[in-house]
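Enquirer: Here it is, the structure in full.
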Amino acid sequence: MTKVLITCGQNPGVYFLQKWFPQLEFIYGDASFIAQILASQQVLLPKVSDADYIHQLLNICLDQQIDAVFAMSFAEQELLAEAVELFSEFNIKLHLPDLITRKLLFDPKELFENLNFNGIKTVSFQITSSFAEFSKACLQLGYPTENIAVANLQNLDLVWIINDQFKKNNLDGKPVITFIKAAKLFAADELLFLRKFNVSNQKMYASFIDGKLGYIWNLDSISEEKIAELGSQLQLNGLFEIQFQQKELFNLKPLFVQ
């Protein structure tokens, strides 16, 4: 049986792959222990920020006799895109988004503007490059009455929610901070991606081949026709995590090309 490593094992959203590929043996990995997974089904992974991340991951795959790796975060995908040949020398396949998809999603401002122009509504958003722009954008997006999702353009996977009244530490699995803490946290970041955030979150997974819709998992209130239109307009290829909020696109994340 083919043995595969799934990264980001702390995130329950990655477990859907077992339903897509029941013929595979799954091992989950993350930079810390995964409480919800048996110890025999997980491995401790290096941090993406480690200088020798690629070689550490390769050694883990060799020790665990891993045949393939599904990199589930944008940061991991960017690093491992440079190591496809290295891993293939050891007969380890890296499942990653293709180059066209990575370039398409690198500029979320252009992506969201194009989708809105072509009739696919997205949540309200802003791109900022200074504290003044950040403050203004938060107000334009509805702060303090609305939740604001903020992420660095260099790490779109790490999303924080700005909410001054929420008493818990996380909302829909994302860390919650006050506006003041956010201003301090992102003071040194040049480019930020801000979106209005609603807890009415509809997450699904869909596969595409040259823009044509293949399979959908967890389809809820969004029509299959809308997902098909999204794939056709962007000429998507591979498996994607798609999030809508009140029928407006919140996030489009490439996972890999099969």
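The values are calculated or read from the model by the stated rules, or taken from the named source; none is laboratory data. Computed from a prediction, not measured in an experiment: that's the story for all the values here. Every residue, glycine among them, receives a Cβ derived from its backbone with ideal geometry; neighbour counts consider all protein chains shown. Ligands, DNA and RNA are excluded from the accessible area calculation, which covers all protein heavy atoms including side chains. Shrake-Rupley method; radii C 1.70, N 1.55, O 1.52, S 1.80 Å.
Enquirer: Between segment 62-81 and segment 152-231, what is the separation of their alpha carbon centroids in Å?
Expert: Between the Cα centres of segment 62-81 and segment 152-231 lies a distance of 22 Å.
Enquirer: Hey, another quick one. So, in nm, how far is label S88 from label E110 when the simple model puts each one 7 Å beyond its Cα toward the Cβ?
Expert: For S88 paired with E110, the spin-label model returns 2.7 nm.
Enquirer: Take each of the peptides 15-24, 148-157, average the number of other beta-carbon atoms within 10 Å over its residues, and list them starting from the highest.
Expert: Result, highest mean Cβ count within 10 Å first: 148-157, 15-24.
Enquirer: Here's a follow-up. For segment 147-203, what does the alpha-carbon gyration tensor say about shape, rounded, prolate or oblate, given a ≥ b ≥ c as the root eigenvalues, a/c under 1.5 as rounded, and a/b over b/c as prolate?
Expert: oblate
Enquirer: With n ≥ 4 as the cut-off for DSSP H runs, can you work out [θ] at 222 nm for the chain, using -39500 (n - 2.57) per run divided by the number of residues, rounded to the nearest 500?
Expert: -7500 deg cm²/dmol
Enquirer: Continuing with the same structure: Quick one: longest stretch of the chain between exposed loop GluC sites (Glu not before Pro), exposed meaning at most 11 other C-beta atoms within 10 Å and loop per DSSP?
Expert: 90-189
Enquirer: So what's the Cα pair-distance distribution over segment 1-127, bin width 5 Å, in %?
Expert: 2, 9, 18, 20, 17, 13, 9, 7, 4, 1
Enquirer: ³J(HN,Hα) across segment 29-44 via Karplus (A = 6.51, B = -1.76, C = 1.60, θ = phi - 60°), whole Hz, x for Gly/Pro?
Expert: x, 7, 7, 9, 4, 9, 5, 8, 10, 4, 4, 6, 10, 9, 9, 7
Enquirer: Still on this model: Per residue, what accessible area does segment 184-227 have, given a 1.4 Å probe and all protein chains present, in Å²?
Expert: 58 Å²
Enquirer: Same structure again: Obtain the radius of gyration and the Kirkwood radius of the chain from its C-alpha atoms and give Rg over Rh.
Expert: 0.96
Enquirer: For a 31 Å ceiling on Cα separation, which of these pairs sit above it: K93/K212; K3/K109; K136/K174; K93/K196; K168/K226; K3/K247?
Expert: The answer is K3/K109; K93/K196; K168/K226; K3/K247.
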